[in-house]
1. Would you calculate, for the chain, the mean residue ellipticity at 222 nm contributed by helices, counting each DSSP H stretch of 4 or more residues as -39,500 (n - 2.57) and dividing by all residues, to the nearest 500?
2. Of the options A244, G193, A281, report the single residue whose Cα projects farthest towards the positive end of the charge dipole of the range 169-313 (beta-carbon charges: Lys, Arg +1; Asp, Glu -1).
3. Place +1 on the Cβ of every Lys and Arg and -1 on the Cβ of every Asp and Glu in the range 111-248, take the dipole about the Cα centre, and give the residue among L147, V233, G169 whose Cα lies farthest towards its positive end.
4. As an exercise, use a Förster radius of 56 Å and the Cβ-Cβ distance of D447 and E47 to find the FRET efficiency, rounded to the nearest 0.05.
5. Quick check: at a probe of 1.4 Å, how many percent of the accessible area of the chain sits on carbon and sulfur atoms?
6. Please grab the % of Cα pairs in the range 1-159 that end up more than 29 Å from each other.
7. Just report the Cα centroid separation between the range 374-404 and the range 113-169, whole Å.
8. Where q = 0.14 Å⁻¹, what log10 of I(q)/I(0) comes from the Debye formula for the range 383-456, counting one point per Cα?
Amino acid sequence: MDYAFRPVLGEAAVLAGRWLDGVRDGTIPPTADVEAVKDALGRRLPERGPAATEVLRQLAAAVEPGLIRMHSPRFHGWVIGGAQPVALGADWLVAAWDQNTALRAVTPGVIAAEELAAEWMLDLLGLPSAAEVGYVTGATVANLVGLICGRDETLRRAGWDARADGLAGGPRVRLLVGAERHGSIDSAAMLAGLGAGRPVAADDQGRIRVDALREALAEGDGPAVVCLQAGNVHSGAFDPLADAIEVAHEAGAWVHVDGAFGLWAAAAPGLRHLTDGMATADSWATDAHKTLNVPYDSGVAIVAHPEALHASMAQHAAYLAAMSGASDPEDRVPELSRRARGVPVYATLAQLGREGVADLVQGLADAATTIAEGLATIPGARVLNDVVYTQVCAAFGDDDRTRRVGEALRQGGVALASPSEWHGRAVLRFSVSNWLTDRVEAGRTLDAVREAAASV
């Protein structure tokens, strides 16, 4: 290695190790706000800065007071996984290799790892082996890929070429979404030019109602895209995928499944029933950062019809001419320049294996059940959802007390649940997404909740 790199990378490893040593200390909220961190970083750009190692020391010292320990096994806010050591190590390798992962003939090493990871994921999730996988930044962009492919393919069937002619003047594409869809679907739909989707009624757990979907599809005709959900962010519930997909396909619709964290249920034998029928959809989205616990920048877009995927995503230029005769990564995602973000996915799957992935996913669900059962013993607490996967939604009396319990929990710094609103009332949402969360850590979360609830 060039000597210039050694002290810099060595210092980075020391600083990162120091941060990671506190993984079990608690969730520990930030002690500095954005403006304070800017002050500590130094607001004025120097004419010439200090040595690289000194910049890293200053960066860590200034930024860490403004961080929350999201990698804690008792961080249950939003749906945020941690980073398994092998995935973090692979991510460092990706940064050091510094490959632009666009063309298989140019960077065959990292593309081989990404494509193997894709094959393994399709197998683990029970999805069609002929489907193709694109690695994107997160689940929002993965959803965008699925919706754009559905938009373009349904328009193509109607005799309109959106890639050549745009959307203006063409048939309107109807988008039907569950009433309790995730907000990323709305963002992706906007970016795809589909506008606000038509909400379809859901049941008390957030599952789309098949009868309501059938009625909504019958109200119109022409191109249609139906977006279903594998894992509701409040209840963890899964849409009745088999029946909903059948109804949508009978109406000629493209079916996309948003499975940001829930798609991985298919990899665990004890949870696989939640995804029954999922494989008959047309596209799927997930995020390996969540349930699989690889570092951020790990969205996964999966499309059952490679020709539709390439038609919507591939870039065309003389200097990008395929040199291998096979499809390239740039044919599957909106980006050309990107890091080899699928390599940490490969490393994680290679270390865990089939049984390890199943144990990981089942373990998260089991820890959620432990938290739900424990919450039921806390005076004034009530679990509001049927706990079928990794989400627990609870209230602690009236809305004001629920919020105060959440704030006391956050300030305590031992565990964290994210405040939200569900079915018109304030709730605390416990998302179990971290690979380190086991029964012991779930018990420590419950102790912290009991203390917070007793203090307000």
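1. Only helices count here, giving -13500 deg cm²/dmol.
2. Towards the positive end, the residue furthest out is G193.
3. It is G169, whose Cα lies furthest towards the positive end.
4. About 0.60, to the nearest 0.05.
5. Result for the chain: 55 percent of the exposed heavy-atom area is carbon or sulfur.
6. Of the Cα pairs, 43 percent sit more than 29 Å apart.
7. 38 Å
8. At q = 0.14 Å⁻¹ the computed log10 ratios are -0.41.
The values are calculated or read from the model by the stated rules, or taken from the named source; none is laboratory data. Treat the numbers as computed from the prediction; the structure is a model and nothing was measured. Note that we place each Cβ from the backbone using ideal geometry, even for glycine, and neighbour counts take in every protein chain shown. We work out accessible area using only protein heavy atoms, side chains counted, and drop any ligands, DNA or RNA first. Shrake-Rupley method; radii C 1.70, N 1.55, O 1.52, S 1.80 Å.
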